[in-house]
Structure formats: C-alpha cells, structure tokens
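A short worksheet on the structure shown next.
The values are calculated or read from the model by the stated rules, or taken from the named source; none is laboratory data. All figures in this text were calculated on a predicted structure; none of them were measured in a lab. Cβ atoms come from the backbone with ideal geometry, glycine included; neighbour counts cover every protein chain shown. Calculation scope for accessible area: heavy atoms of the full protein, side chains included, ligands and nucleic acids excluded. Shrake-Rupley method; radii C 1.70, N 1.55, O 1.52, S 1.80 Å.
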Amino acid sequence: LQQQHEDLSTKKLRLTKPSKSAALHVDLCKATSPADALQYLLQFARKPVEVESVEGVVRILLEHYYKENDASVRLKIASLLGLLSKTAGFSPDCIMDDAINTLQNEKSHQVLAQLLDTLLVIGTKLTENPSVRMRLVEVACKHLTDSSHGVRNKCLQLIGCLGPVEKGVAKEVESQSAKDVQKIIGDHFNDQDPRVRTAAIKAMLQLHERGLKLQQTIYCQACKLLADDYEQVRSAAVQLIWVLSQLYPESIVPIPSSNEEIRLVDDAFGKICHMVSDGSWVVRVQAAKLLGSMQQVSSHFLEQTLDKKLMSDLRRKRTAHERAKELYSSGEFSSGRKWGDDAPKEEVDTGAVNLIESGACGAFVHGLEDEMYEVRIAAVEALCMLAQSSPSFAEKCLDFLVDMFNDEIEEVRLQSIHTMRKISNNITLREDQLDTVLAVLEDSSRDIREALHELLCCTNVSTKEGIHLALVELLKNLTKYPTDRESIWKCLKFLGSRHPTLVLPLVPELLSTHPFFDTPEPDMDDPAYIAVLVLIFNAAKSCPTMPALFSDHTFRHYAYLRDSLSHLVPPLRLPGRKLVSSPVSPSITPNEDPSQQFLHQSLERVYNLQHLDPQGIQELLEFTIRDLQRLGELQSELAGMADFTATYLQCQLLLIKALQEKLWNVAAPLYLKQNALASAAAKQILEETYKMEFMYSGVESRQVVIIHHMRLQAKALQLIVTARTTRGAEPLFGMCEKFLQEVDSFQRCFISELPHMQGSFVDKLLDLMPRLVTSKPSEVVKILQTTLRQSTFLHLPLPEQLHRATATIIEPTGESDNPLRFTSGLVVALDVDATLEHVQDPQGTVKVQVLYPDGQAQLIHPKPADFRNPGPGRHRLITQVYLSHTAWTEPCQIEVRLLLAYNSNRSKASAKIPKSTWGDSMEALPQSENGIEGTIPFSKPVKVYIMPKPARR
Amino acid sequence: MPEIKVTPLGAGQDVGRSCILVSIAGKNVMLDCGMHMGYNDDRRFPDFSYITQNGRLTDFLDCVIISHFHLDHCGALPYFSEMVGYDGPIYMTHPTKAICPILLEDYRKITVDKKGETNFFTSQMIKDCMKKVVAVHLHQTVQVDEELEIKAYYAGHVLGAAMFQIKVGCESVVYTGDYNMTPDRHLGAAWIDKCRPDLLISESTYATTIRDSKRCRERDFLKKVHETVERGGKVLIPVFALGRAQELCILLETFWERMNLKAPIYFSTGLTEKANHYYKLFITWTNQKIRKTFVQRNMFEFKHIKAFDRAFADNPGPMVVFATPGMLHAGQSLQIFRKWAGNEKNMVIMPGYCVQGTVGHKILSGQRKLEMEGRQILEVKMQVEYMSFSAHADAKGIMQLIRQAEPQNVLLVHGEAKKMEFLKQKIEQEFHVNCYMPANGETTTIFTNPSIPVDISLGLLKRETAIGLLPDVKKPKLMHGTLIMKDNSFRLVSPEQALKELGLAEHQLRFTCRVHIQDPRKEHETVLRVYNHLKAILKDYSVQHLPDGSITVESILIQATAHSEDQGTKVLLVSWTYQDEELGSYLTSLLKKGLPQSTA
C-alpha cells in the first residue's frame, strides 16, 4: 500500500492512458492459462489504482473470480480485493455484498481465509456502520466450524476486530443472533490447533482494547491456557490474565486444593510470576514486562518476588544480601569471607519447604538471573515500575539492582543504573551498597560512568563515611578518566547540597587544614581540588557554620571559582565579605530575582525610547546588547532569555543602522559598491531571525510573529537595496510581487496577532495594501522605504521559559597533534561525541558538518539510534563520521561542527494554521515561503588533524 | 505390559562413576561410562561383567551415550571399549568428542606415569576408542537403528554437556547427565522441550540446596581480586583445567576490560591451552553474550590473560595466576603457593571443594602453619578465600526441569541417598509422579502405557470428523472403521476399502424389531401419528414420510401393519443396519414408550 502513496506524484502523467479497468479486463480475457492470469494480476498489483476506477476494477475482478477454476488465481483476486478496498477515499460498502457472496461457494480453505481477510479490511473501513459489522460477524460465526485452522483464525480475528462492544446496542440490532461474542471466542480457547487458540486469545484482547469489558469467568479458562504446549498461546494467555487482573483486581478467587481465597490480582500476579521461569524466553520476557504494571498487588506478595528461601543440606541459609546487611548493622564492615562463613544455621522442616509453585516466590531473582538479556532488562524495568509505587519494595529490591551493576551486558547495567536513579527518592544507600555502586565508576564505558554520576546526584547517603567514600572514588575516577571532569563536578555539587551535615565534619580533612600549622596552598587548577571545593561550597550554602573552618586561601579560591564556574559554585554569605549580588534565598521567586529585574528594566528602557535622536538610539542599543550578553554569561538560567532578546535588539540595531546610512540620499548610480553595509545587514537580520525561530525552545506564537515581522522588514530592506542598485524594472517586478505575497501570507498566518501590532511596519503596510498592489515597482519601493523609516519598534514579549539550543563537542577534542592517517580513497571513521541541550527532535534536526581545507563540505545525518536521552532537555550524540579524501602531501586540519537544520514549513507558525487553509493556498504561495531549508551552526567547530596517504602500489 | 528397566552400575545413590543401563522396548542403552575418583582399585570402574559374563558386550548393548567430558562420566570408556571389548556406536556431542581424549590422556599419564600402574589403557587404546565415537549435534535426531533414536539437548554445566532423549517407538527416556539451570559467564542454562518422556533420569547433586544468586558470588570474587591487585598483591587461583577455569577466566577478562586494569593475568600452560582452543571453536555451545559478540571478538581470545612461565612467579608487582591442580595438593599451584604464602598482601582463592588431607582443605579450615615435606614449616600469612562456583542444578532447578519436560516417572542418580530421599518426596508430592532412586546394581522396573500409532487414510479421517461437532481435544472421539493388522503395521481404513483389499463381499446385517402399539385407528393414521411424533422429537434428523406408507429416519425404516388378530394393536416394524445401531435402538426404546395421548 505504501508504494501506492509514493507513486502518487507520478500518477498524473498516466491520466491520458486508457482506464485501468479496461486494460485489466483485456489482459484477463487474453490469459490462456491460470499461470498467465496470475502473472497479469501480479503485474497489475504493482501499480496504484485511482480512486474513481476502483469499483470498476473490483467488478472485473469479481467477474473473473466466478469464472476461475484455479484456486491460486482466486486467492490472488481475493487479496487484490482487500488491497483495493484499502484505497484512500474509496468506500467499500458497495462491494461488500459481492465479497460475502463469493464466500458461499468457495471450497478452497486458503481462498476462504483470504476472502475473510478482505472482509476484515472492508469491515475496518466501515467501522461506523453497525449493521455492516453485525453482518460480517455473523458471516464469521458461520465459518467458525471450518476444518481449516486458517479460516478459523481469520474468523476469530474478524470477530475480535468487529464484534459488538456495546451491550445495549448489540441486543437491539441483533435479532436472531443475539449471541455473546465473548462466549463464541471463549469456546475456541480449547481448539485443537494452537494457532486458533492464539487467535482466540488475541481476539479477546482485541475486544478488550476496543472497550468491551471482559467477563471474569474467562479467568480460569485463561489460567488453564498458561500450561499450554505452545509458546505463542502461553504468551497471549499471560497478556489476557494481566488484562483480567487489571479489570477485576479486587475479586476473590479460590486457591485450588485448599479452602482459602485470595484477591484476583494477587492470584494473577503469582501466576505471571510463575511464567518468569517458563521454558520459552519469549514468554519470560512477556511475563517479566507485565509484572511491572501490576501495582495493585498486595505488598507481601510483592516482597515474595525477591525472596528465595535458601537452604543447604536442608538447613536454612541466609542470602549474601542478608549477611551483608547483618554485618553492616552489627558495626563490622566488609569482613573477609571465610570458609564456612555462609555455613547454614537452622534446620529446615522438610515438610514445609515448597520447591515449586510457591506463587510469586523468587520470580525476580530468577528473572534477573536469566540467560537471555532481554528477560533481564524486562525484569529490571518491571522492578523499577513496582519500586516507584512502593517505597518498601524499593528498599528491598535495592540489593538486587546493585547486583545488576555487574551484569555482563552493558545495556543491562545501564538500564539498572537508570532504574536506580528513578527510584532514588525512596531509598537510602547502605555503605556496603554504596561501595558496590561506586566500584562501577571505574567502568571503561563513558555511558555507564555518566549514568552513575547522574545516579549519585540524586542519591541519599546515610553516613559521613559514605560521602567520603564517594568523594574518594569520584576523584579516582577523575584521575583515570580526566574527560569526566564536568560530569564529576556536577555530581559533587548535588552531593554537597544534599548532605550538608555529613560534609561538615569532613571539611578539615578535605581541605587538609590544621589548627596550628599553615598548610601549603593547593594548586588552583587541579581538577581534583576544584572537585573537593565544589562539594564543600555547595554544602556550605545551607550550613552557615562551615565557612568558619575555611582557611584564607579558600576564600580567595571561592571568589575565583564563583566567577569562573558560576554554574557549579553557589553564592555564599561569607563572614566579613560583601556579596556582589544580594543573597539569593530560595524563597524569592524568579520574577523578583534581581537579575531578571535587570533584564526587564533594560528592555523597558529600550522600548520606551521612541523619540531619541538616531545616534542616541544606536548607542543605547549597543549598551543594552552588551549588558544582556554579559548577563547571559553570568546567569545560566537567564542565558536563553538574554541571548534571545540581545539577538532581537541586534536585528533592530542593524536595521536602524542600515536605514541611517547616508547613502540613501545619494543618487543611485553613485553608491553601487557602497551598499555593502545595507545588504549585508539585511542578510544578517534574515539569518538571525531564523536562529531566533528555530534555535530556542519555548518560543511561543507571540514571539514567532515578531520574528516573522522582523524578517519581513529585512526582506523589505533587501528589496529597497536591490531596487536602488539594479537597473530596469524587469527583475524588480518579480521581487515586488513576491514580497507582496509574503505580506499577504503573513497577514493570513497571524491574523489574530495583528491587533497587537499597532503602528508597526506591517500594520502600516496593510493599510497601504490596495495602493501597493496597483502601483508600479518603483513606487512600491518608495512606499516601503518611508514606511520602514516611520514604523515603530515592536515590543518583544518574553515567554516564561526560553532555552537556547547548544551543543558541545566533547570528542574529538581538537587538541591532538597526531594526524589521523589513512589511505586515500578509503574511509576513516571519526568518533564524534557531543552533548546537546534544549534541542527538540534532535533525530530530525541535528547534522554533522565536516569542512575540508579545500572548501569541500560534507553533511552527515546521524542515525536516530545515535542519540541518547540522559535527562530532560538533554541529548547525547555519539556517532561515527566517515571521512575520505584524495591524497595530501601534508597533514592538515578539517573542521567538524554540528548544525541545526530547519525548515520553515515546520515552523511553529505554520503548525497553528488549520490544514485546509494550507492545502488551499499551497499553490498560490511562493516557493520560498513554502520551505526554506537551512542550517544553523550551533556548536563551536573542532579541528581534527588528518592525513590521507597515497595508496601504496 | 511394556516396561523400562533401569540399572545403575555407578552413580546410584552416589556421586562418581556414572554408568546407567537402560532397557527400553527391547533395546539396551548404556548411559555414561565414568570412573570413580575415590578409588584406586577395581572399584574405580563400573562392573561390566554385570552386563554379560562371557560373550561380547556389543551383542548386548545397542549403543553407549556419553553426556559430557568429565572423567566421572567418561573415564572408563577406553577400558570398556578396548579392554573389555565393545565395538558398537558411542554417541557424544562434538565438543565432548574433541575434549574427552585430552582428559583421558591426562588421566592415563597421571595413573601410569606418575603412580606407575600397569594394566591400564594405553594412548593407542584411547585413539581406537575415539574412532568408535559418533558425534551428534544439538537437537539432531540420530537413528541408531530402525527403532532406536536419540536426540541431544543443551545442558549447560560444561562445554558440550548434553541431555539425551532415547526413544523407541512411543516410549522414551531422558537422561540429563549433569546440568545447570542458571546460566554462567560462559554457558547458558539447560533447556528441554515438553517432550513428556516415560522416564526422566536426573542428576541430584544439590538435591537439598537452594542456591543464592550467582551475582553476589561473582561480585565478591571480583572485588576481592580487584582490591588485592590494587594493593599490589598477587592472587593465586588454583583451578582444575577445564570447566570452572574458563568461567573464571571470562569473568576476570571482562572485568579487566571493563575497568581498564593493567595488572597481568596468567594461566598455567599445557592442558588448558589446548582446551581453550576448543572453547574458541565451539562458540555455538556458549552463552548468549559470547555467541552474539564473537563476530567482533571471540571472548576466548583473551587479551589480558597470558600463558604462565615458572619464572613469572618471582616478578614484582601485582598479578593474578590461575594454576592447576585445584586442591593445592601438588604441581604448579602448590609451588606458587609456597612462594607467595609468606606475604600478607597476597591472596589465594579456592573456587571449589577440597578433599580432606589436601593443602587446600587445611588452609580453608583455618590452619596457618603447614608442615611441608622435609619437616619444613610454612607459615601462611596470605589471605585465604573461598568462593563456590559450581555448575549443577539446585533443588529448584531440578524441579524446574521436571516441570519443563513433564515426565511420567522420575529416577534420581548422581547424588547422596539422604539428599535424594528429600527430593524424591518433594517430586512425588508436587508433580504426583513416581520417583525412584535405585542403588548401584539395583534394577528399577517402570511399566509404561505406550500409545500405539495406527495409520488412518485421510479420506476416512475427514469423513469421520465431519460427522458431529468439532473435535474436542479433551474428549475421545468415536470412529467407525476397520482395523487391519498386517506385517507389523496397523491401519484403519473404511469398511468398503477393507473389503476390497481382502477380496470379500459385503454382507448386510439388519436388525429388525417389532413394537406393538395400542391404537384403534387406521393404519395410515397411525403412521401419520408416529411420523408427527418422531418429527417433533428428532429435530436434528431427517424424518420422512414415504408415499408407500413407511417412515424413514435417516436410513431406518419403520412400517406399520395392523395386528393380524387384534385390529386395535398396530405392529411397528423397525429395521436398521448395524451401522445405525445407536439410533435404531434409541428409536425402538422411544416407540416402546408409546405415542403421546395429546395428539389424539
């Protein structure tokens, strides 16, 4: 079917040919043998059919169908009928009767199944019509007794997809066959063919998905299916049981072979747990996944999943976890393991030991130890979901999660670290657990280490030794992998601010201060020392007694770090020192934040100046832009906002400058060359507006309209400049028309915003529109020039949140002096590792650009799988770029950078317009507005030294 | 009644010398042929004279199956085939066939060269014995002869270990060998399909143990090694050459890779190198991770683990050394131990069980001063650690396997009697199947109830299933046909075809029955009443009133005549063929009840 869509564009060309249906008819009549006919049909199926001729084609096909004796041809026709009824815009109710009629006399089971499939397609297209559905369901019921599994399969599928869902309506419409679809499907749970059994369960699930409330009576039937011989049946049955457990969690079911009764959800939980040790891994994955979403289960059942009663020689044994916990609580930590340390203690009552069928017992223990990593991942995910809803369970599953940090497959390790992070609110790590967690910091995989840093950011540690341990391990990590610097600092920042009281007693030791002796001043550029300071300063923020322990140089270092690493070091109230800015306490809302105030004030100031002399305006703008840029550097949370406004003001400044040019007064021919400034300004404004529109996340339509307005002004400027510099009206004519169209589309797109734009360029322009349309290009230019000069400066409202998309290339570092050597003509893979912040849909927009010294540029689209999402608003691009070039004599540097691709079609403005308007005006709109595609470089370029060697012969 | 007989010659209520005889449907199969590590006399090999006093073993055994290469499962093989004399086929998996001779040769060397025994099998005998071996693939059904077939399933435990299904006709036995239900670093878990054998012969080494998760043990092990190496200490790990050694190697290798460690790891040369070579080859027998990554890199091509040289032991700085043998009783591991024992920075990790009397056992039980030969006293200052890495299924694992295979009977071998007792009781209680645990030489007889396959022609099957409702899996279905037993085969065919084949003419058998009814009316009126009555009751059948005054229900004919003596009594003649017996007798009983009065 997809092919049909693709071919849509080429279809128009073929319209002159005789109709499809006629051609087919001729072909089929010509066919001498069934094989021939089949060939024609196969060829026919490759080409799309227009909506108008579908019915005709169907008639021809049906006609041939009745005449055909060969089953394979009939099969193909039946499948074609299904394909044709899928054609968009075609309503298949006219062919339904015929399709049903063909069923009557069909002998071949395969063709029957295919016909039922066709009916299913027809039925799904006509879901609105209850009587059609009813009829099809009846047909399906009639064929349920067929001896072929394929036919029964399709019938059940049909019933599942089209069976009546609403009880009341069903009774009215159905007169004689007031059958219960659930009953019909349920009868086939015991079918002799496993495929039919699977289809029956699937049909039941389909009914559930369509909103029918399944009856509780199916539950015990479904439970029996769990012991089926075939894995697909078991897999589907697990799903069905899960569905029922969600529908009737509180119902009571009896436990077989005893008089007790338990809640249905608990019973189902136990049964699904049992399936975690099924023979087929597909079922195991399915079961493990579903366990995660059974949150109503009672806590003692839940906790059993982590319990596996250990014994050795019939004596009860404690698990390693229990022993570790005991050691910890007895005050002794990490004793050496001795022979017989784990010697079993109490005797076990042989009668009471239940080796199997103990419900949920140990399900997760098994799942996490499974052979297939798919099962292990599913189990970890399930643990995560259950732990998020139950704090006590979270506490219990901790040991198991920590164990998973040592899994052999990296994905599993990563997943368990992420899981741990997600449940970290509910847990406090014991020291021995922390020890295991920290051991993973030495992992050579960067992903794992960073995930672990993230985890440590939000972990609760219980003792000061724990903090010390974490710090020591992180510093070890830092020396082993210096590139982790930023991530480790950030991690320590959070560790400090979360545990101020635990850090306090460690301060003298960490700063190595001594009560009597002066100690040497540590090296300020040492990343490890900075790491320690980050921890201490962040702890000191909520611990006012801490600064008393600092030595003199610490204060100096504080001042330095506060300025150079302001995002890591918080403002502190230090004794005897005035703070540069007033202290920020958490109670102050962002609106009252002085830096925010400053931002708003400076903007106010700019917007209020309407009647200053041009020189003054320019100066003020320049100052404000400078202020804003500096503010953005200082206050990371305001950076987006400040940059955005600064860019806007910059545009405005450029516009004013361009209009202030004295050259406008000079006669045209004289400044042919001197218009460089004006046209460059126009170009730059255009670029900046695209940046504003696409590089910031959180831009609302209010801002978009202003950005577009600015762009319109830039285009006007361009038009004027061109008018001044080119001779003859011929090229101008087209440009004028284009511009007017743009104004028109602007008006249509932003009709609702226009009232807010009093006195602006576009406002004035629209007033003059009737005149503009009729006047000559030269006049248009004149009008434009005056309007542009007279129009007021639009106030740019600021959204709540605004973030600028940024990218930092971590690798390649660009510091290497060793060229990357490779044989020319072959490719070399360059690892690129970058972090992206505040990029929406990076898979679609982020590209890698490679610039060769000869000016050749290469654009690479990374695979969607290369992007990872470590946190909200952040992405990580880890990809490989293939380089190649002809031989060079010397090694030379190439530049690698990231680009943000945009397409004005995708712009936020166009998304707001109802689709129909777009469709109508599609033709009328100029090509430019239709889809300007471009790229914005948004990372610093990195230089890579490469050397393609000539191939040796 | 058909029966399966099982006699363990070894491993009955015991560990070691696995050797089990199975007779199934007239076929005799020997499962494993191992030696006993505890004995040095005749008791070390199974008593093959049990099979036959005089006469060749080949005549009595149809085949021999070896589950894996451990000596307690294959150690007696050359003795059995070459010295006692057996020429029939021996089945084992490809890895077992490759590694088994290495171990046998090593065993021979130690016994003959070191201990100086005579009358032991020679190298040539091992070679000759291996020539009789037929290698099988996993899940490959091997036809031993026309009736006997065997099939191997994956068993974990060691490389190439397999469980075998032995099948004759509809009777089958599954022998597990040693197996492992939890995967480890280099092997996967045992798996079997729902083959529902008549008998499952399972090992039961850990019948009374439920083990802790493997991860804790692994983590502890790695942490210990890592800490010691970071301290600058040396780690000695005494291992046996095959099996666990590879698992620990993989474990350390991946850990070194992950953590970017630089300290060298050494492996004592010789046997192990050869064995590692085979591990590299048989990637398909390993676990998921190794199987998936071997295209990039074969995990057994160790990057960090190098061959050990005697001189390395004196090198300064940290290192990890794997050395044989595993119990520190002789050889390289003991030599290294003596060198390193004096330094408290060093560590020795015992990864397995140690027999009493060995140095390994002594240090594990806490002895710090050892008396070596020559009255030397060795003071042990190094740390001594114990880590159990064993690859047998625990009680839960055994139960899980039984659940997967769904056998009719279970028989336990390869375990201690006391422990088996417990597991036996559990199995009977939870699965409601019989469980046996014969001692060596004791024969267990199991009666089976095999189903007998009968060929049926498709036409007949279709015809018969078309009658009546859809077939129900749970209920038996009645079928009509003729059973022909000819040339040892059974066929179910339609009566017509049977007649044709046998060249017989068809005879019709009709039952006739007279039913007297009190009805004063005329004959045709009675007929009409009967007709209406039947029509009302037998809705699903075609009841017809024929013009000649008779009624047919399907093919049953009913005629009414007036009684010759009493005109008030009508005689209904009911006649049916024997095929319609069911309906016919029902009809007569119905008519005997008389006609309802209300219609009158």
Of residues in the stretch B:258-280 being out of contact with any helix residue (DSSP H, G or I) (no Cβ under 6 Å at 6 or more places or on another chain) and either part of a loop (DSSP other than H, G, I, E, B) or within 14 Å of chain A (Cβ to nearest Cβ) (or both), the one nearest to B:Phe308 (Cα to Cα) = B:Thr269
Quick one: A:Ala237 ticks every box in (1) over 25 Å from A:Glu369 (Cβ atoms); (2) open to solvent by less than 50 Å² (accessible area, probe 1.4 Å); (3) free of Cβ contacts under 8 Å to residues at least 40 places away in the same chain; (4) not β-branched (Val, Ile, Thr) bar one, so which box is it?
-> (1)
Determine if the stretch B:170-179 includes at least one residue that is in contact with a Gly (Cβ under 8 Å, 6 or more places away or on another chain), surrounded by 22 or more Cβ atoms within 10 Å (Cβ to Cβ) and closer than 17 Å to B:Cys33 by Cβ.
-> no
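Could you please let me know if A:Arg284 is at pLDDT 65 or above and away from chain B (no Cβ under 12 Å)?
In short, no.
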Would you point out which residue out of A:Ala387, A:Ala360 is more than 10 Å from every other protein chain (Cβ to nearest Cβ), crowded, with 19+ Cβ neighbours inside 10 Å and at pLDDT 85 or above?
-> A:Ala387
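Among the helices (runs of 4 or more DSSP H) confined wholly to the stretch A:356-450, which include 3 or more residues that are β-branched (Val, Ile, Thr) and in the same structural domain as A:Arg263 (by the TED database)?
By residue number, A:373-389, A:410-422.
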Working only within the stretch B:20-45, note down all residues that are assigned to a loop (DSSP other than H, G, I, E, B) and more than 10 Å from B:Asp72 (Cα to Cα).
-> B:Ala25, B:Gly26, B:Gly38, B:Tyr39, B:Asn40, B:Asp41
Just wondering, is there one or more residues in the stretch A:566-579 that are open to solvent by 30 Å² or more (accessible area, probe 1.4 Å) and of a type in the set (A, V, I, L, M)?
-> yes
Do any helices (runs of 4 or more DSSP H) lying entirely in the stretch B:395-496 carry at least 3 residues that are open to solvent by 40 Å² or more (accessible area, probe 1.4 Å), and which ones are they?
-> B:417-431, B:458-466
Out of the stretch A:408-435, which residues are within 14 Å of chain B (Cβ to nearest Cβ), under 27 Å from B:Met299 (Cβ atoms), of a type outside the set (A, V, I, L, M) and surrounded by fewer than 22 Cβ atoms within 10 Å (Cβ to Cβ)?
-> A:Glu410, A:Glu411
Look at B:Leu148 and say whether it is open to solvent by less than 20 Å² (accessible area, probe 1.4 Å) and either in the same structural domain as B:Tyr50 (by the TED database) or hydrophobic (A, V, I, L, M, F, W, C) (or both).
-> yes
Considering residues of the stretch B:223-250 that are surrounded by fewer than 21 Cβ atoms within 10 Å (Cβ to Cβ) and within 14 Å of chain A (Cβ to nearest Cβ) only, the residue nearest to A:Asp403 (Cα to Cα) | B:Lys223
For the stretch A:102-118, the count of residues that are under 14 Å from A:Val58 (Cα atoms) and modelled with pLDDT of 85 or more equals 2
Please identify the pairs in which a residue from the stretch B:409-422 that is in contact (Cβ under 8 Å) with a residue 60 or more places away in the chain and facing another protein chain (nearest Cβ under 9 Å) has its Cβ atom under 6 Å from the Cβ atom of a residue that is of a type in the set (A, V, I, L, M, F, W, C) and in a loop (DSSP other than H, G, I, E, B), counting only partners at least 6 apart or on another chain.
-> B:Lys419/B:Ala207
Yes/no for B:Thr284 being in a helix (DSSP H, G or I), open to solvent by 20 Å² or more (accessible area, probe 1.4 Å) and farther than 23 Å from B:Lys223 by Cβ | yes
Checked pairs for the stretch B:443-467, first more than 14 Å from chain A (Cβ to nearest Cβ), second of a type in the set (D, E, K, R) and open to solvent by less than 60 Å² (accessible area, probe 1.4 Å), C-beta under 6 Å and 6 or more apart or across chains, list as B:Thr448/B:Glu171; B:Thr448/B:Asp198; B:Pro450/B:Glu171
Could you tell me whether any residue of the stretch B:323-331 is within 14 Å of chain A (Cβ to nearest Cβ) and under 23 Å from B:Leu236 (Cα atoms)?
-> yes
Run down B:Val295, B:Val348 and say which single residue is out of contact with any Gly (no Cβ under 6 Å at 6 or more places or on another chain), surrounded by 15 or more Cβ atoms within 10 Å (Cβ to Cβ) and not basic (Lys, Arg).
-> B:Val348
Could you please find all residues in the stretch A:762-809 being surrounded by 14 or more Cβ atoms within 10 Å (Cβ to Cβ), among the hydroxyl-bearing types (Ser, Thr, Tyr) and assigned to a helix (DSSP H, G or I)?
-> A:Thr787
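Quick check on the stretch A:745-761. Is at least one of its residues hydroxyl-bearing (Ser, Thr, Tyr), within 46 Å of the chain's Cα centre (by Cα) and not in a helix (DSSP H, G or I)?
yes
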If A:Glu454 passes every condition in (1) modelled with pLDDT under 85; (2) under 22 Å from A:Thr501 (Cα atoms) but one, which one does it miss?
-> (1)
